[in-house]
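Report on the following structure.
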Amino acid sequence: MQSVRYYIEKKVKNGDAYYTLNWSPLTKADKYKISTGVPAVAGIYELYQLGEDKELRLLTLEIAWYGGVRSNLRETIDPYAKADPVRRKILEDAELYYRYSCSTIFKDLQDVLWFMHTTYFEDDQNPPEDSGRYENIFLDENAPDNFIWNGNAQ
């Protein structure tokens, strides 16, 4: 069985949640590498496209609950699993990279997704909901390759 090395930690103090998101390294997306290297447990993942200008652009930031990170990520990168022809074309032609972090607590994943979404996509009128358990939510990201996405192409 594969051990989980990249996971979300949480500390609660005075009604506030402090999360630490320990990312896996950015990895070039390949369905075979995903099948053997990504755990089949719940978590959150990001998918990036490398542009012609060699800048990474975030395509997807999602929770993987049912089926875990492995199956959700494999489906996300599969162009033939998409009915949308525009999305299919992007996936067929793109150089894609992913990273993930695991958690078995759905409400923690909700909080992390909410924080990241409201931080990186401030103009979004329909952000995901947090779990409603904490007065304030804080997030610190750790990435072994020092890649922290800031909402802009990098």
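Summary table
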{"quantity": "Cβ-Cβ under 6 Å pairs, at least 6 apart or on other chains, the range 96-107 side free of Cβ contacts under 8 Å to residues at least 40 places away in the same chain, far side open to solvent by less than 80 Å² (accessible area, probe 1.4 Å)", "calculated": "107/131"}
{"quantity": "Matching option when the condition is of a type in the set (Val, Ile, Thr), modelled with pLDDT under 90 and touching a strand residue (DSSP E or B) at 6+ places or on another chain (Cβ under 9 Å), among 119, 104", "calculated": "119"}
{"quantity": "Test: residue in the range 26-38 that is under 17 Å from residue 140 (Cα atoms), within 13 Å of the chain's Cα centre (by Cα) and either open to solvent by less than 80 Å² (accessible area, probe 1.4 Å) or aliphatic (A, V, I, L, M) (or both)", "calculated": "no"}
{"quantity": "Residue in the range 62-73 that is closer than 25 Å to residue 119 by Cα, of a type outside the set (A, V, I, L, M) and in contact with a Ser or Thr (Cβ under 7 Å, 6 or more places away or on another chain) present", "calculated": "no"}
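The values are calculated or read from the model by the stated rules, or taken from the named source; none is laboratory data. Not measured: the values here are computed from a predicted model. Positions of Cβ are generated from backbone atoms using ideal geometry, with glycine treated the same way; all protein chains shown enter the neighbour counts. The area values use the complete protein model at the heavy-atom level, side chains included, leaving out ligands, DNA and RNA. Shrake-Rupley method; radii C 1.70, N 1.55, O 1.52, S 1.80 Å.
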